[in-house]
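The values are calculated or read from the model by the stated rules, or taken from the named source; none is laboratory data. Since we're looking at a predicted model, the values are computed, not measured. Quick reminder, even Gly has a Cβ in these numbers, built from the backbone with ideal geometry, and neighbours come from all protein chains shown. Just so you know, the surface numbers come from the protein's heavy atoms only, side chains and all, with ligands and any DNA or RNA stripped out. Shrake-Rupley method; radii C 1.70, N 1.55, O 1.52, S 1.80 Å.
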Amino acid sequence: MHYWLTYLSPLMIPTERPDNPFTSIIVPLALSTVDEQQTSSAMYSLSAFNQSSSSAFSVARRKQRHALGSVCLQVAFEELGRSLVKANHNAPEVILATILNLVIIGIFTDNYSNYRIHLRGGAEWIRSIDKSTWKHNHDASTIYQMFSALDALRPAHSILARDLGPQGLSVEYLSLDKTDGSDSTLNRNHHLADHEGLLIASSKTGSYCLDKIFALTKPVLECILQINRLVFTGVMPADGEFVSLEFKIMSSNPELLHFPSLTPAYEKVAQHHACTLWCALYIFYKSSLLKLPPADMQWLVRQSIKHLDAIESLTDGLTCSGLLWPLFIAASEAEDEDLRFQSIKVFEKRQQLGIANTTPARKVVEEVWRRRDQGDTDVSWHEVMAQLNIDILLS
């Protein structure tokens, strides 16, 4: 618990926040009642597995922590199974928080592909619950959105998605009722550079909150999901849909948005994270749908790496980390040596923090570079990932 509170919780979000859900929501859920201890077991397992991947510990301690993580994981499975067979789920956020932690374990251990079991099971269980459940309880809404974000950032290409199928979770119905007096929306606030309304409603029950947790704005998430659905089906949209999607991407640029944080420095970090996510989104669109060569995207890659480099400078010595997805997407298309060098520096920082899925992600990127340098102009990261039999979340 001490390791979770002092190290792992801060590690899982881009900047320090007093409302870090890994502390403010998951810890109270884990300590709530004896009958709901699967949340704590999954939390302890994740904490132990992270220590087992950290170079800060001796080999002996890392082995001991890995064994302890396995024991806690088995307990979590058993307790989760008992909870799922109950006819009445009075606290669905407890169950989903457990499943969320089980998914995240795949990011911190070499059992990467286990995330599939928990994403699929979680999504199926969510569909069996009245969707209004996730709207009216703040903790449930937050955990639901975090789970949805992880699902959105998994590889969507059919050769990688396999048994997971197309993504079907949505945050649309979580919007607040218009009768509550809060009619400002993320889409409207997005266009107001000096408006602090982007996060005004985020703390309210049922409202979108991934912008303040991961700096993942709602328009960017919606565009990622739309591209993922097109990529999965392999059916390219009509020209009009291309125009509409690109316009939405362009209008979703968060460069001028305000991300209220504890300090001005943290605010800058959050904004840089939001910007690199947007750059990666645009790269993803151009590479996956338009099939443009990397040379046509280098300006976006450079922008993305510039934001990542700024984050590294502002967070030097701090325990925090953003999502892997923007780094992976941008680095995969990097052609210039300086951009590749900067990408490797960010990969190395994540590896030092014990984020285990960084190593196979870096392996995919470096193999993409190698093949392109040898003249393979048609190589894509998802094909390389499939050929190397690497199966990871990009979160």
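Summary of values
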read-out	value
Ordering of 372-378, 17-23, 351-357 by packing [mean C-beta count within 10 Å, highest first]	351-357, 17-23, 372-378
Signed unit charges on C-beta, dipole axis of the chain, positive-most listed residue Thr142, Asn50, Leu225	Asn50
Percent accessible area from carbon and sulfur atoms, the chain, protein chains only, probe 1.4 Å	54 percent
Residue-normalised accessible area of the chain, given per residue in Å² at a 1.4 Å probe	42 Å²
CD proxy at 222 nm, helix term only [per DSSP H run n ≥ 4: -39500 (n - 2.57); per residue of the chain; nearest 500]	-18000 deg cm²/dmol
Flagged links, alpha-carbon separation over 32 Å, of Lys131/Lys248; Lys291/Lys363; Lys63/Lys268; Lys218/Lys345	Lys63/Lys268
Exposed GluC sites (Glu not before Pro) absent - longest run of the chain, DSSP non-H/G/I/E/B, at most 16 other C-beta within 10 Å	1-254
Relative contact order, percent, the chain [alpha-carbon distance under 8 Å, six or more residues apart]	19 percent
Dipole axis of the chain (+1 Lys, Arg; -1 Asp, Glu on Cβ), positive-most option in Trp4, Tyr208, Gly375	Trp4
Two-site FRET efficiency, Phe247 against Lys63, from Cβ-Cβ distance with R₀ of 41 Å, rounded to 0.05	0.20
